[in-house]
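The values are calculated or read from the model by the stated rules, or taken from the named source; none is laboratory data. Quick caveat, the model's predicted, so the values are computed rather than measured. Here Cβ is always computed from backbone atoms with ideal geometry, including for glycine, and neighbour counts include all displayed protein chains.
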Amino acid sequence: MPTDYIPVLLFLGVTFTLSVVAVGLPHIPFINPLRPNKAKSEVVESGKLAYGDAKRKIPIQYYTTAMLFILFDIEVLFFYPWAVVFWELRWYGIMAMSVFTLLLVIGFAYEWRKGAMEWD
Amino acid sequence: MIGAVPLSYYLLLSAILFTIGAGGVLIRRNAIIILMCVEMMMNAVNLTFVAFSSYLDSATGQIFVFMVMVVAAVEVAVGLALLVELNRHKEAVNIDEFNSLKG
Amino acid sequence: MPIEFPVLNFFALSPIIVVIVLALVVMFMDMLSSDKTVLGYLTVFGLFGALMPCVPLLNQTKAPTFQNMVVSDGYAVVFYIIFIVTALLSSLIALTYLENRGMQQGEYYILILLSTSGMMLMAASTDLIVTFLGLEIMSIALYVLAGFNRRSISSGEAGLKYFLLGAFASAFFLYGVAFIYGATGSTNIHEIGGWFSTNEIYQSNPIALVGLALLIIGFAFKVAAVPFHWWTPDVYHGAPTSATAFMAVGAKAAGFAALVRILAISFGGVFTVQWQIAISLLAVITMTSGNIAALAQKDVKRMLAYSSIAHAGYLLVGVAALPASNELYRVQAVSGLLFYLMSYAFMNIGAFAVVALLEKQGKIGTKLSDYTTLSTRQPFVAFVMLLFMFSLTGIPPFIGFWGKWYIFWAAVDANLGWLAAIGMINSAISAFYYLSVVVQMYMHTEQADVETTPIALPAPIAIAVTVTAMFTLLFGLWPTPLINLMSLAVFG
């Protein structure tokens, strides 16, 4: 029912109002008399001085690491459902998942051996 | 709560997402953005599967979504690898610049 | 809640399992040994091993297994044989081709084997989940194979193009599956067919029709049917020639394997008129534009790429003939398709083997003009190339003629005489570009400025060329054993 979404609408309204207030308040001279100086207008990044451009190029080797991460990240997708019914599946599940893990391990050993982990 | 939303809304949303993705593949020239558009199409399909799965009360659709997610991840990995390889020859991600093959 | 554990019939899938285990063994060997040529020979002999269990499986009746996810019927086993033979021959080509270019690497053979296992899975699957997984296992390995030559920018481009358009096509295929699942509540192709026959009021369900259309688009991409073929010439041209031979035949056969099974079983009773018209139209434009584009090519490799589009068109004629009036005609259409795919495997891989052999020997490239005087420099190679070109045109008594014969007869039996006629006209058109290769090799011998050094013929590629030429001629003269084998290909 559309009425179920009234809380969502309210929430959106509150969020919108709050953000307008939060962004708008500093622009009222009475509340925030602007007295800029050099230190004040600098970028704050946890105490470190900012350097360079924000649109920096990321080294392409980064993708190799990202790629390997994706593969080992997604494998967990199959472990979760297994974990839920681990006791019901007993040895059958363990055997099946061992084969799955074995295949993954072989792939892992292969990429290690081939030097995919070396960062130069 | 969620059951209250009619199936057609989900289907419409996924159709819109799929169309945006397909349009992006055809229009955009940056290989990485094309890759993202393909991912978007796949996720639109996932939404369709999950919506039908919940509507039909059958688990098959959800299993299919697992497989699609894995395949999508593998595709990203392979696609990025190919792009990195190509990047060693030519500093570009724009597919119009890859034009050595013509006939 | 107790869970019932299914009993799995591993023997029914043994050819696939052998191929996968072989891939793992090659992976292990690749980690241990530095001599990569051994891996190629291991692949070749291992594939012979995978061929062994096909023999008992052929004589067995259908065996649905893995909870009806896959079936081991005659249809699947005949396709196993086609894929294994394709992988075998292209590995032989690769042994020489990669060696000549200094890129003999274990990954190549691993990818060929994994891709083959995906193709086999597609042929055996009776569930769209498995079809999808098989399709992706095949395609992802092929993307890498297309971009395998890391030194060549063309190869990298071919890989990237194939990848982007292949993934795009997969998304269409998936969306189609999602709609079919939504309409029928199942992804099992028998259950989908059964659902339509028990729920007759839903036989015009638009959701299912849209799903079917998207599914056909997805497959049309994979088998390189016009208008979903843009990637084909670039990918086939840029990829290493040994990989092109493999994907031109294997990916096409796998696409047809899954498409035919899904259309015949799930949609044998519903939307037949619609998909028959759609497939017929696809066939007409695919044949015609493939052949016409091939006429203009000056590069043999690119010409073969366009010709492979045209061959996808001929095969689509066979698919369009599936909704025939009686069972006998249907079986004829299926076995005709399989015969065509097998014959295409021999002649096309043979032709690509010759291209791979000549490429970069001395000043030879893949240009048509480079083939001048070949008959004097390497008479044997020129002669087998002549066989392949005649066979691809469909001139009797070569195997290609019988492939076309069976497919066009199936079309006539299904009251699609007009389609068969267009197919024959197209075969006539194709003679121009196939025979121009022969003319180049045999007639232009008087030119002065061409190279005349003899051409080397290393053993592995020589075996591949000889075997394909032998089969092209042998089964052309006596097609009975092959057509008998194909008639075993019935659905389980």
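Does the range C:233-250 hold any residues that are of a type outside the set (A, V, I, L, M) and part of a loop (DSSP other than H, G, I, E, B), and which are they?
Correct list: C:Pro240 only.
Among the residues of the range A:46-59, are any at pLDDT below 85, within 30 Å of B:Tyr9 (Cβ to Cβ) and not polar (S, T, N, Q)?
Of all residues in the range A:46-59, those at pLDDT below 85 come to A:46-59.
Now drop any that are not within 30 Å of B:Tyr9 (Cβ to Cβ), which leaves none.
Scanning the range A:46-59 turns up no residue that is at pLDDT below 85, within 30 Å of B:Tyr9 (Cβ to Cβ) and not polar (S, T, N, Q).
So which residues in the range A:85-102 are within 13 Å of chain B (Cβ to nearest Cβ) and at pLDDT below 90, if there are any at all?
Correct list: A:Val85 only.
Within the range A:79-98, can one find any residue that is closer than 25 Å to C:Ala23 by Cα, under 22 Å from the mean Cα position of the chain (by Cα) and assigned to a helix (DSSP H, G or I)?
Yes, because at least one residue in the range A:79-98 is closer than 25 Å to C:Ala23 by Cα, under 22 Å from the mean Cα position of the chain (by Cα) and assigned to a helix (DSSP H, G or I).
What number of residues in the range B:17-39 are among the hydrophobic types (A, V, I, L, M, F, W, C), out of contact with any strand residue (DSSP E or B) (no Cβ under 9 Å at 6 or more places or on another chain) and surrounded by 18 or more Cβ atoms within 10 Å (Cβ to Cβ)?
8
Does the range C:161-172 hold any residues that are surrounded by fewer than 24 Cβ atoms within 10 Å (Cβ to Cβ) and within 7 Å of chain B (Cβ to nearest Cβ), and which are they?
Of everything in the range C:161-172, those that are surrounded by fewer than 24 Cβ atoms within 10 Å (Cβ to Cβ) and within 7 Å of chain B (Cβ to nearest Cβ) turn out to be C:Leu164, C:Phe168.
Hey, among the residues in the range C:146-160 that are part of a helix (DSSP H, G or I) and touching a Gly at 6+ places or on another chain (Cβ under 8 Å), which one's nearest to C:Thr65 (Cα to Cα)?
Taking the range C:146-160 and keeping what is part of a helix (DSSP H, G or I), we get C:146, C:153-160.
Right, trim to touching a Gly at 6+ places or on another chain (Cβ under 8 Å) and you get C:146, C:154-160.
Working: C:Ala146: 34, C:Ser154: 43, C:Ser155: 40, C:Gly156: 40, C:Glu157: 41, C:Ala158: 38, C:Gly159: 35, C:Leu160: 37 Å.
Per the stated criteria, the residue is C:Ala146.
So if I check each of C:Tyr80, C:Tyr41, which one is over 28 Å from A:Ala109 (Cα atoms) and at pLDDT 90 or above?
Testing whether each residue is over 28 Å from A:Ala109 (Cα atoms) and at pLDDT 90 or above leaves just C:Tyr80.
May I ask you to list the residues in the range B:48-103 that are polar (S, T, N, Q), at the interface with chain C (Cβ under 7 Å from one of its Cβ atoms) and not in a helix (DSSP H, G or I)?
Result: B:Ser58, B:Ser100.
Can you tell me how many residues within the range C:112-138 are within 13 Å of chain B (Cβ to nearest Cβ) and over 21 Å from C:Leu88 (Cβ atoms)? Before you say what the answer is, go through the steps one by one.
From the range C:112-138, those within 13 Å of chain B (Cβ to nearest Cβ) are C:114-115, C:118, C:121, C:125, C:127-138; that's our starting set.
Now narrow it down to the ones that are over 21 Å from C:Leu88 (Cβ atoms): C:125, C:127-133, C:135-136.
Going through the range C:112-138 one residue at a time, the tally reaches 10.
Which of the helices (runs of 4 or more DSSP H) contained wholly in the range C:1-79 include at least 2 residues that are more than 25 Å from the chain's Cα centre (by Cα), within 13 Å of chain A (Cβ to nearest Cβ) and touching a residue at least 24 places away in the same chain (Cβ under 8 Å)? Full working, then the answer.
Numbers: elements: C:14-32, C:36-51, C:54-59.
Qualifying helices (runs of 4 or more DSSP H): C:14-32.
Looking only at residues in the range B:25-47 that are touching a residue at least 60 places away in the same chain (Cβ under 8 Å) and more than 9 Å from chain C (Cβ to nearest Cβ), which one is nearest to C:Gly185 (Cα to Cα)? First the steps, then the outcome.
Within the range B:25-47, the first condition is being touching a residue at least 60 places away in the same chain (Cβ under 8 Å), and the residues that meet it are B:29-32, B:34.
Narrowing further to those that are more than 9 Å from chain C (Cβ to nearest Cβ): B:29-30, B:32.
Numbers: B:Arg29: 38, B:Asn30: 38, B:Ile32: 35 Å.
Checking each candidate, the answer is B:Ile32.
Being more than 30 Å from C:Ala324 (Cα to Cα) and at pLDDT 85 or above is the requirement here; does C:Thr468 meet it?
On the way: more than 30 Å from C:Ala324 (Cα to Cα): yes; at pLDDT 85 or above: yes.
For C:Thr468, the condition - more than 30 Å from C:Ala324 (Cα to Cα) and at pLDDT 85 or above - is met.
When residues of the range C:358-399 are filtered for being buried (at least 23 other Cβ atoms within 10 Å of the Cβ), among the small types (Gly, Ala, Ser) and not in a helix (DSSP H, G or I), how many remain?
1
Step by step: first the residues of the range C:39-53, then only those that are surrounded by fewer than 18 Cβ atoms within 10 Å (Cβ to Cβ) and in contact with a helix residue (DSSP H, G or I) (Cβ under 7 Å, 6 or more places away or on another chain), then the one that is nearest to C:Glu99 (Cα to Cα). Which residue is that?
Top of the filtered list is C:Gly49.
Return yes or no: is C:Phe408 closer than 16 Å to C:Ala310 by Cβ and among the aromatic types (Phe, Trp, Tyr)?
yes
Given the conditions (1) within 30 Å of C:Met29 (Cα to Cα); (2) within 17 Å of the chain's Cα centre (by Cα), report the number of the one that C:Arg150 does not fulfil.
Only one criterion is unmet by C:Arg150, namely (2).
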